[in-house]
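Chemist: Got a structure for you, questions after.
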Amino acid sequence: MRLGIDLDGVVADFNTGWISRYNQEYGADIPFDAVRSWDAIPSLTHFRHMGEFWEWARDHGGHSLFRHLEPYPGALETLRRLARRHDLVIVTTKPDWAIPDTYSWIGQHEIPAREVHITEEKWEVPCDVYLDDAPHVLEGLIAHRPRAVVCRYVRPWNHPLPGAVDVESWDDFENLVGQLARRTPMDGPSSRRPD
């Protein structure tokens, strides 16, 4: 199967990354679990809007913030196991200035992706199973890819959606993919959802 995997908030711990750097640079004390809604950053920082935040995120020691993120525990190991039987397709959204760092990050962490798509419209990349955390992305995938299995990686900044399968850990996702692979012919997008 083709597994469409998001990076930030799913594989890469974006919030811990930016909070660590912000706290260090500005002497702040934002807790790592402070993000409870999508685009909450301006309400937690001195940035007046997300544009100011992205300008700050653009350069940290010659690389963007994205180059310095740590992977979530279990993410890389699970992706490597899944890649033995399935095609990993990274489907992520990034500012243009973060594209080189995104490819470097994937290479540094040896993610065995067959394809990398950096796009706003993730639903345009055909996959059998998607894993994402962004509410608006999940809605788009559900609307435009009704035959695919759309998985919501449960995070405080998203909410249950009709048509999405909730995944709370990398073990959950690996088990789900295993169930789908046992039931689904490997010749096209899946039309089945797990029980």
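Chemist: In region 136-148, which residues are over 18 Å from VAL11 (Cβ atoms) and either within 12 Å of the chain's Cα centre (by Cα) or among the hydrophobic types (A, V, I, L, M, F, W, C) (or both)?
Modeler: Across region 136-148, the qualifying residues are ILE142, ALA143, ALA148.
Chemist: Sticking with this one: Determine which member of the set PRO73, PRO146, PRO126 is within 26 Å of ILE19 (Cβ to Cβ) and part of a loop (DSSP other than H, G, I, E, B).
Modeler: None of the others qualify; the one that does is PRO73.
Chemist: Can you list residue pairs whose Cβ atoms sit under 8 Å apart, with the first residue in region 148-164 being free of Cβ contacts under 8 Å to residues at least 40 places away in the same chain and the second being among the basic types (Lys, Arg)? Count only pairs 6 or more apart in sequence or on different chains.
Modeler: From residues that are free of Cβ contacts under 8 Å to residues at least 40 places away in the same chain, the pairs are PRO160/ARG152; LEU161/ARG152; ALA164/ARG152.
Chemist: Listed residues PRO162, PRO135, PRO156; which is surrounded by 15 or more Cβ atoms within 10 Å (Cβ to Cβ) and either at negative phi or at pLDDT 95 or above (or both)?
Modeler: The conditions single out PRO135.
Chemist: Can you pull out every residue in region 1-41 that is within 16 Å of the chain's Cα centre (by Cα), assigned to a loop (DSSP other than H, G, I, E, B) and without any contact (Cβ under 8 Å) to a residue 40 or more places away in the chain?
Modeler: Scanning region 1-41 gives a single hit, ASP39.
Chemist: Filter region 1-56 down to the residues that are under 30 Å from ARG85 (Cβ atoms) and of a type in the set (Lys, Arg) and list them by number.
Modeler: Listed by number, the list holds a single entry, ARG2.
Chemist: Scan region 8-28 and give yes if some residue there is closer than 30 Å to PRO126 by Cβ and modelled with pLDDT under 95, otherwise no.
Modeler: no
Chemist: Additional query: Answer with yes or no whether LEU82 is aliphatic (A, V, I, L, M), part of a helix (DSSP H, G or I) and in contact with a helix residue (DSSP H, G or I) (Cβ under 7 Å, 6 or more places away or on another chain).
Modeler: yes
Chemist: Looking for whichever is out of contact with any Phe, Trp or Tyr (no Cβ under 8 Å at 6 or more places or on another chain) and either within 30 Å of GLU52 (Cα to Cα) or outside the structural domain of GLU55 (by TED's automatic domain parsing) (or both) here; the options are ALA113, ALA75. Which one fits?
Modeler: Just a single option satisfies the conditions, and that option is ALA113.
Chemist: Taking region 28-49 as the search range and keeping residues that are more than 15 Å from ASN158 (Cα to Cα) and among the hydroxyl-bearing types (Ser, Thr, Tyr), which one is surrounded by the fewest Cβ atoms within 10 Å (Cβ to Cβ)?
Modeler: SER43
Chemist: Something else now. Kindly list, by first and then second residue, each pair from a residue in region 47-63 that is over 13 Å from TRP97 (Cβ atoms) to a residue that is hydroxyl-bearing (Ser, Thr, Tyr) and surrounded by 15 or more Cβ atoms within 10 Å (Cβ to Cβ), limited to pairs with Cβ atoms under 8 Å and residues at least 6 apart or on different chains.
Modeler: PHE53/THR45
The values are calculated or read from the model by the stated rules, or taken from the named source; none is laboratory data. Just so we're clear, the structure is a prediction, and the values are computed from it rather than from any experiment. Quick reminder, even Gly has a Cβ in these numbers, built from the backbone with ideal geometry, and neighbours come from all protein chains shown.
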